[in-house]
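The values are calculated or read from the model by the stated rules, or taken from the named source; none is laboratory data. Treat the numbers as computed from the prediction; the structure is a model and nothing was measured. With ideal geometry, Cβ positions are generated from the backbone for all residues, glycine too; neighbour counts draw on all protein chains shown.
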Amino acid sequence: MNSCRNQAVRLVLATIVVSGLVGCGLPASGKVDKIASAEVPFDLLATAAPGQSPQPKGPPAVIYLVRGNHLVAANRHVIGENVPAEAIRLLLTGPLSSEAAGGLSSDVPTGTRLVSLDLNGSVAAVELNSEFGGVGGSDQVLAVAQIVYTLTASRYIDAVVFAISGKRIEVPDGSGSLSSAPMRRSDYPHLLVSR
């Protein structure tokens, strides 16, 4: 009886091994072609933990997230040379899971996307999609401040103006007053930014 059971177990294991090998996608020719890493689909080679975005190893950037009613700096690395635009894209993805576990969040509305970022002297003109217009009150003050602080972390940018659908918009300063003037860090003094 044990002999029959052992043979059955071996047969099942052999079937699993053969199925696994067939499922690996090895070509019938037996020849395996190497694919250049640049041709591998985006994020397939990522080594981050599940639920955690991989951190690129490009130029350093600082984005500003929210804890309570204050901004907190978070260090990141960006892909590409346009550090301010890439920093905004990282900000718009929200906190990493480890940052969220540490109590950080973002008041920038989910679904907000960067349409364009242009620099006129030291003033950045940031155009966002219409999702950004869906936030109000103190959340809007913090969302605007997050973007202002993230962009002015660049030594080339002193102030930020905002647009949606190609039209410049008014945004709140630190007191909640709306203005279309360029916003600076000094417009949000009560947010007590910490590192």
### Query
Can you tell me which of SER116, SER98 is assigned by TED's automatic domain parsing to the domain that holds ASP173, more than 23 Å from HIS190 (Cβ to Cβ) and part of a helix (DSSP H, G or I)?
SER98
### Task
Could you tell me whether any residue of region 43-50 is at pLDDT 60 or above and out of contact with any Phe, Trp or Tyr (no Cβ under 6 Å at 6 or more places or on another chain)?
no
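Report yes if some residue within region 147-159 is part of a helix (DSSP H, G or I) and over 19 Å from VAL72 (Cα atoms); otherwise report no.
No; the residues of region 147-159 include none that is part of a helix (DSSP H, G or I) and over 19 Å from VAL72 (Cα atoms).
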### Query
Does ILE88 satisfy being touching a helix residue (DSSP H, G or I) at 6+ places or on another chain (Cβ under 7 Å), assigned to a helix (DSSP H, G or I) and among the aliphatic types (A, V, I, L, M)?
yes
#### Entry: Residue check for LEU128: within 17 Å of SER180 (Cα to Cα), under 16 Å from the mean Cα position of the chain (by Cα) and either buried (at least 16 other Cβ atoms within 10 Å of the Cβ) or not assigned by TED's automatic domain parsing to the domain that holds GLY174 (or both)
yes
